[in-house]
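The values are calculated or read from the model by the stated rules, or taken from the named source; none is laboratory data. Being a predicted model, the structure only gives us computed values, none of them experimental. All Cβ positions, even for glycine, are placed from backbone atoms using ideal geometry, and neighbour counts span all protein chains on display. Surface areas here come from the heavy atoms of the whole protein model, side chains and all, with no ligands, DNA or RNA. Shrake-Rupley method; radii C 1.70, N 1.55, O 1.52, S 1.80 Å.
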Amino acid sequence: MLTLSLPAKPGPLKVLCLGAHSDDIEIGCGGTILRLLSDRKEVEIFWVVFGASEQREQEARNSAAFFLNSAKKKEVTIKNFRDGFFPFEGTKIKEYFEELKTTTPDIIFTHQRTDAHQDHRLLAELTWNTFRNHLILGYEIPKYDGDLGRPNFFVPLERDVYEQKVEYLMQAFATQRSKPWFDRDTFLGLMRLRGMECVSPSAHAEAFYCRKVVL
Ligand SMILES: [Zn+2]
C-alpha cells in the first residue's frame, strides 16, 4: 500500500476538530491528533465541542488540555447546545458554523454522515454545507445503535499513541465511566480492527470516511 502524507505548506497546518459532545473528538480522532502534533512542528488546532453541560464542560476542557498539551497554538471552544436536540436547534448551530469559516482550516475532523446519532449527523451535514473546498475526514463513534461501516481512510498509530489516547479518555471523562460501553476494550478493540484493515505495523489505527481526495 502506497501511503500518502500531508503536504508541507507555509505557516502552520490548521486543523479544525468538531464534536457534538464532550468526548466525541477524542474517541473519533484523538490518536490522529496526537500523531499530527508529534509528526509536525507547526500545527494550529481549533477544537469545538458543541454540547456540554457544566460538569461535562469541565471534563471537555481537561481532556482537550491533555490531547493538545504539545500544541503551540490552540483554541478550545465549548458550546452548550442541548444534548440530543441539535436538529431542533439547527438555526443557531448553522449560524455558528458561519463563524467557523474564519478558522480557514486545512483539515477538518467531524462526524461521519451516516452516524446514527442525530446530533452527530447534523454536524456532519453542516460541515459539508459550510466548507466547500476542504479536506474533510469523518470519524466514527462506536455505539448501541451499531452503525459502524466501511471507512476508507486509515491512520496507523504507534503503540505509545493509541495507549495514550485511551489513558487520556479514561482519566478525563469520569462521568462517562459508568456507561457500560465506555471502557478500554471498546476503544482498543475498534482501533485493533481498523489496524488490521490497514495492515498497521502496530496493529492499531483510527479510520475515517473521506469522500473527496485531490492528488
Ligand atoms: Zn456524541
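Probing with 1.4 Å while keeping every protein chain in the model, the per residue accessible area of the stretch 11-106 equals 46 Å².
Highest mean packing comes first when the peptides 24-37, 189-202 are listed by Cβ atoms within 10 Å, giving 24-37, 189-202. Once the Cβ-Cβ distance of Asn133 and Ser202 is raised to the sixth power relative to R0 = 30 Å, the FRET efficiency obtained is 0.35.
What separates the Cα centres of the stretch 53-97 and the stretch 9-39 is a distance of 13 Å. Just so you know, the Rg over Rh for the chain is 0.93, from Cα atoms, with Rh as the Kirkwood radius. Of the solvent-accessible surface of the chain, computed with a 1.4 Å probe and all protein chains present, 51% belongs to carbon and sulfur.
For the set Lys73/Lys212; Lys79/Lys101; Lys73/Lys101, the pairs lying more than 25 angstrom apart at their alpha carbons are Lys73/Lys212.
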